[in-house]
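Encoded as structure tokens, the structure appears first; notes follow it.
The values are calculated or read from the model by the stated rules, or taken from the named source; none is laboratory data. These figures come from a predicted structure and were not determined experimentally. Reconstructed Cβ throughout: ideal geometry from the backbone, glycine too, with neighbour counts over all protein chains shown. These area figures cover heavy atoms from the full protein model, side chains too; ligands, DNA and RNA do not enter into them. Shrake-Rupley method; radii C 1.70, N 1.55, O 1.52, S 1.80 Å.
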Amino acid sequence: MDKQSVHGMWSSRTAFILAAAGSAVGLGNIWRFPYLTSDNGGGAFVLVYLACIAAVGLPILFAEVLIGRHGRQSPINTLLNLARETGHSKAWAAIGVMGMISAILILSFYSVVAGWTLHYSWLYLQQLFGGAGIEDAGATFGDLLASPGTLLFWHSVFMLLTIGVVALGVEKGLERTVRLLMPTLLILLLVLVGYGISTGYFGQAVAFLFTPDFSKVDGSVLLAALGQAFFSLSLGLAGMMAYGAYLPRNVSIPHAGVAIALTDTGIALLAGLAIFPVLFNFGMSPTGGGPGLIFTTLPMAFADMWGGVFYGLAFFGLLTVAAWTSSISLLEPPTAYLVERTELTRRQSALLGGAVVWLLGLLTLLGFNVWSEVKIGGRDLQGAIEFVASDIMLPLGGLLVSLYAGWVLDKRITHNELPQLNEGLYQAWRWTVRVIAPLLVLYILVNKFSG
Ligand code: PHE
């Protein structure tokens, strides 16, 4: 018999796809994907990335969503109940615990970076109405990082936006927000791609993204592509498990999963097609990326181009929207857990979870200025938190989910959750999560530690 979620349900398959795609599409697509592509050989990286999405990302996405839907609770409680139901070890709930910790850590720096996008949007908005705006993008970015007060202000605004949505619940908060924001995101992106086409450098951007030079594919390209597949699909921290808990039984997980992966990948490619023509147009190098590409190089191009203020506003507005729909998926699992485990209401739980994230965000924020001397393993505070959470904990979480779905969870349960797959496809999925995905992920992890 199907269990009920106490948190509510997605009203339809579309609502789930929008929410999950909203989680997947974020800073990872618009900021990280373009610069990883340019640093890793363009088309060859894109091809390997697509292969990673299909071979590892998609099967693990199915696994997370189906575990969530079967359990209908926050990831930790879902796994604990499954242990009771099927008699496996309670230790597997560690996936949920670790996932919740990763989610809180990732959101703590994600919110600070999303705060930058709010700050930039605000500056362009001022410029639109005659304000000074961004004249020297390098100085603007440097000043922003040097100012704890400004960083704190925007980080707080962004966290309040995130808490506000999560506090309103699954239907009135999450679902309503993604229904509004995802189409907005797509429209903004298409406008930006349209501008890219008009620059005359679109062909160059297409060639850059889609002409694979296989001589460039080496171990490190594979590694970067696999890591990006995890981050971009929001896998490994049980966030998709939390969203799966609200998925109606009649929705096909494989079909929805494919739609989510296609949207995520399509938007990353479109972001590349929006950004690269502008950079090529101004003779700027897309390499050397990181925060610099989006927050300094690109605004320099905006400053020189006709309608740059509109473009800047649309671009940073787009980034804000993308980051917002991702951050709500990071706050949802801790919030749902608090609702289930304590007497707190959803509002109080969202506020408490958000307050913890907000406080942790101070580490990232102060690491750019007051504590800029503090280095952990050669990284600043933000870099260290990002490394531990996304480069170690996400792949580890993905590995465990994969092994759990393949070896521990009763075959009847997984089979029952994926009735749309014929026997051949089901077996292909099962052996991928049992063997192929774990081996590939292990390969990333070993490479990270030995390199
Ligand atoms: N997928 C998001 C992005 O691409 C980041 C994210 C990771 C969100 C993990 C939720 C969970 O920006």
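Work the Kirkwood hydrodynamic radius out for segment 13-450: mean of 1/r over every pair of different alpha-carbon atoms, inverted, in Å.
On the way: mean 1/r = 0.0456 Å⁻¹.
Value: 21.9 Å, from the Cα pair sum.
In straight Cα distance, which lysines are under 27 Å from Lys172, not counting same-chain residues fewer than 8 positions off?
Partners found: Lys3.
Compute the longest continuous run of the chain that contains no exposed trypsin sites (Lys or Arg not before Pro); treat a site as exposed when its DSSP state is not H, G, I, E or B and it has at most 16 other Cβ atoms within 10 Å.
On the way: sites that count: Lys3, Arg249, Lys375.
Longest stretch, sites excluded: 4-248.
Given H placed 1.01 Å from N in the peptide plane, which residues other than close sequence neighbours of Tyr201 have an amide H under 5 Å from its amide H?
Close amide H contacts, sequence-distant or interchain: none at all.
Below 8 Å between Cα atoms, with a sequence gap of 6+, how large is the relative contact order for segment 107-254 in percent?
Details: 45 pairs, mean separation 22.8, N = 148.
About 15 percent, as a whole number.
Express the accessible area of the chain per residue in Å², computed with a 1.4 Å probe while the remaining protein chains stay in the model. Numbers along the way, then the final one.
Values: 16750 Å² over 451 residues.
For the chain, the per-residue accessible area is 37 Å².
Determine the shape class of segment 31-115: with a ≥ b ≥ c the square roots of the Cα gyration tensor eigenvalues, call it rounded for a/c under 1.5, and otherwise prolate if a/b is greater than b/c, oblate otherwise. Before the final figure, lay out each step's value.
Working: a/c = 3.47, a/b = 1.72, b/c = 2.02.
It is oblate, given that a/c is not under 1.5 and a/b is not larger than b/c.
What angle, in degrees between 0 and 90 and rounded to the nearest 10, separates the Cα long axis of helix 58-71 from the longest principal axis of the Cα atoms of the chain?
So the inclination is approximately 50 degrees.
Please go through segment 327-399 and write out the chymotrypsin sites (Phe, Trp or Tyr not before Pro) that DSSP classes as loop and that have at most 16 other C-beta atoms within 10 Å.
Passing both the DSSP loop test and the Cβ count: Trp371.
Under 15 Å between alpha carbons, and skipping anything fewer than 8 positions from Lys375 in its own chain: which aspartates and glutamates qualify?
Glu386
Roughly how tilted is helix 137-146, in degrees to the nearest 10 and between 0 and 90, from the longest Cα axis of the chain?
For helix 137-146, the angle is close to 60 degrees.
Separation between the His255 and Phe387 pseudo-spin-labels, each 7 Å from Cα along Cα→Cβ, expressed in nm?
It is 4.5 nm.
Given q = 0.11, 0.20, 0.21 Å⁻¹, what are the Debye log10 I(q)/I(0) values for segment 152-285, with equal point scatterers placed on the Cα positions and solvent ignored?
-0.61, -1.31, -1.33
Going from most exposed to least, what order do Asp264, Asp410 have by accessible area with a 1.4 Å probe? Write out the running numbers ahead of the final one.
Values: Asp264 0, Asp410 50 Å².
Most to least solvent-accessible, the answer reads Asp410, Asp264.
Non-local amide H neighbours of Asp136 (under 5 Å, H modeled in plane, Pro and chain starts lacking H): which ones?
Amide H to amide H, under 5 Å and 5 or more residues apart or across chains, Asp136 pairs with nothing.
Determine the relative contact order of segment 13-450: mean sequence separation of Cα pairs under 8 Å and six or more apart, normalised by residue count, in whole percent.
For segment 13-450, the relative contact order is 35 percent.
Relative to the first principal axis of the alpha-carbon coordinates of the chain, what is the inclination of helix 13-24, with its axis defined by its Cα atoms, in degrees from 0 to 90 and to the nearest 10?
60
Round to a whole number: what % of the accessible area of the chain belongs to carbon and sulfur, probe 1.4 Å?
Details: 11280 of 16750 Å².
Whole-percent figure for carbon plus sulfur exposure: 67.
What whole number of Å gives the distance from the Cα centroid of segment 358-402 to the Cα centroid of segment 39-101?
21
Give me the net charge of Met9's neighbourhood, meaning all other residues with Cβ under 12 Å from the Cβ of Met9; Lys, Arg count +1, Asp, Glu -1. Let's see the in-between values first.
Working: positive: Lys3, Arg13, Arg69, Arg72, Arg249; negative: Asp2, Glu171, Glu175.
It works out to a net charge of +2.
Sort Tyr35, Tyr311 by heavy-atom solvent-accessible area, probe 1.4 angstrom, most to least. Don't skip to the end; give the middle numbers.
On the way: Tyr35 40, Tyr311 15 Å².
Highest to lowest solvent-accessible surface, that is Tyr35, Tyr311.
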